[in-house]
Amino acid sequence: MNGAHALLATMRANNITACFANPGTSEMHFVAGLDDVPEIRGILCLFEGVATGAADGYARVTGTPAATLLHLGPGLANGWANLHNARRARVPLLNIVGDHATYHAKYDAPLQSDILSIAKTLKGWQRRTLSPNDVANDVADAIGAAYGPPGRIATLVLPSDTSWGEITDVPSSWPVATREPEASAGGEGIERALELLRTKRAALFVGGTAVSAAQLGLAQRVARASGSRVITETFPAITDRGAGIASPERLIYLSEFAIDQLGDLEALVLIGAGEPVGFFAYPDVPSRLVPEHCAVLDLAPPGTDTGAVLQALVDALGAPALSVESGEPPALPAGALTSQSLAAAVGATLPEGLIVADESNTAGVHLFGATRFSPPHRWMTLTGGSIGCGLPLALGAAVGSGRRVLALEADGSMMYTPQALWTMAREGLDVTVVALSNRSYAILNLERQRVGATGIGSASQRMLDLDDPAIDLAGVARAQGVPSTRVTTADELVAALLHSYATSGPMLIEAVLPKGLG
């Protein structure tokens, strides 16, 4: 038995059953070992950013880590952008990176790099295992570290001679990770929160684990008992939505509007989220979004048992039973395809239990409102702002949940990780992709105005347009084995969505919108 076998056996003992992989020479003993461990599903991804984004999506829907398998420092670097999103989502993720054999490193071969330094930028846990006999315990330590709480990325670097080297002392049982409990909020914090909620114009700012249906309901009860508001993060990792579920305000993305949204607050109580700040800096716009006079109480930082904190507030306030606003989904739209009719088509057809991976960006601005009263569903967003996560998130969520996933994907960001479509087809996953084709980096057209770069000519405008040549998104999907169709009206989009939901396997719908629509 070698080190790769110990790695796989320890993963199996800890119920890690999915590995999203883009392997190379250094990882071949792990790949070969998959033949002996049928409980672990090896899923080939054609780009490392797909593997890391898929592991993120898997963890968001299951709450448990998947593994990635990456090849040396360049492989880790290729996957880094979606690991950044996973870090911001605070999900558990076991990131396995192969390395050169220990004795080979001194020769500075072409792929030699400082893997641990790259991993450290993810601000998680990292270790390099130098002996096959240490693999099992190091894997268990990595899994425990990944769970946190809060969840984080645990990177285990395995030199190839550690993987192929024989174990001299095979354990009688493989180690199981120690999982730390979530932290508790102290009584003084609860009392201070109650004081602020009772005496100030206050809001709960919720995120992380506090945006499940149950915890949103508790937060809404607290707000109604205290006369306060509930506001969620702009980009939660995964939140429950739909009919019968409490639907608080969502922090507006644009700093100028968010500042107005929070402008009358005297107190903000953080539950599972950090203090809201601007996504970017802008001339003459504050980076902090809360007013200077607003008291900010970090009652339940990420990693805290947010449900227990919210229940304590409910109990202390004697909060009334939850009462949720009722309504109807949008009517089936017809006619021209616009951002409004697109949102209505999604909201009107959305089936119960669907999981949404939203990277629609500017063209999807109306989607959240249009799905407010759709059947209950779950919604994933772009937590870290690094585009190219939508298709991989959908891939991983489909693997982890076994449910239908809807990926809402802008055309520019789709081209970062289109290889995810190939893996969807290969694995036969139930993923519906709506590719929003407005043939423009519309978000950048907006941002250039916000930063004051308004004097723009044809040369600079060409940096923001995607229609020379136009990208055939439906053709990209077909080339990778995913059935596709192209729609230009709301009626056609409704029909295509209903057909996809009723058909097993993946499908891509290219929704052609007016150019530059945001």
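Exposure proxy check: V50, V157 ranked by fewest other beta carbons within 10 Å? Ordered by Cβ neighbours within 10 Å, fewest first: V157, V50. Packing order of peptides 488-497, 401-410, highest average first: 401-410, 488-497 (average count of other Cβ atoms within 10 Å over each peptide's residues). In this structure, D35 and K515 have a Cβ-Cβ separation that, at R0 = 41 Å, corresponds to a calculated FRET efficiency of about 0.20. About its Cα centre, the dipole of the chain is roughly 520 debye, where the only charges are +1 on Lys and Arg Cβ and -1 on Asp and Glu Cβ.
Counting only residues at least eight positions apart within a chain, or on another chain, the aspartates and glutamates with an alpha carbon under 14 Å from that of K515 are D411, D465, D467, D468. Taking every C-alpha pair closer than 8 Å and separated by at least 6 residues, the mean separation divided by the residue count of the chain gives a relative contact order of 14 percent. Entry note, the chain: the mean residue ellipticity at 222 nm calculated from DSSP H runs of n ≥ 4, each adding -39500 (n - 2.57), is -10500 deg cm²/dmol after division by the residues and rounding to the nearest 500. Each peptide in 38-49, 327-338, 201-212 receives the mean, over its residues, of other Cβ atoms within 10 Å, and ordering these scores from highest gives 201-212, 38-49, 327-338.
Work from the charge dipole of the chain (Cβ charges, +1 for Lys and Arg, -1 for Asp and Glu, about the Cα centre) and give the residue of H377, L508, N2 farthest towards its positive end. Going by the charge dipole, the pick is H377.
Secondary structure note: in the chain, about 15% of the DSSP beta bridges are antiparallel. In terms of its C-alpha gyration tensor, the chain has an oblate overall shape, because the principal axis ratio a/c (a ≥ b ≥ c, square roots of the eigenvalues) is not below 1.5 and a/b does not outweigh b/c. Looking at region 258-390 alone, DSSP beta bridges between its own residues are antiparallel in about 20 percent of cases.
Cross-link reach is defined here as a Cα-Cα straight distance under 29 Å, omitting same-chain residues fewer than 8 places apart; for K123 the lysines meeting it are K106. Between rounded, prolate and oblate, where does region 339-512 land on the alpha carbon gyration tensor, with a ≥ b ≥ c its root eigenvalues, rounded for a/c under 1.5, else prolate if a/b exceeds b/c? Prolate shape, in that a/c is at least 1.5 and a/b is the bigger ratio. When each of the peptides 369-377, 102-110, 499-507, 277-285 is scored by how many other beta carbons lie within 10 Å of its residues on average, the order from highest to lowest is 369-377, 499-507, 277-285, 102-110.
Placing unit charges on each Cβ (+1 for Lys and Arg, -1 for Asp and Glu) gives region 290-358 a dipole about its Cα centre, and among G303, G335, A321 the Cα reaching farthest toward its positive end belongs to G335.
Computed from the coordinates by the stated procedures, all read-outs in this text should not be read as laboratory data. Quick caveat: nothing in here was measured; it's all calculated off a predicted structure. Cβ atoms come from the backbone with ideal geometry, glycine included; neighbour counts cover every protein chain shown.
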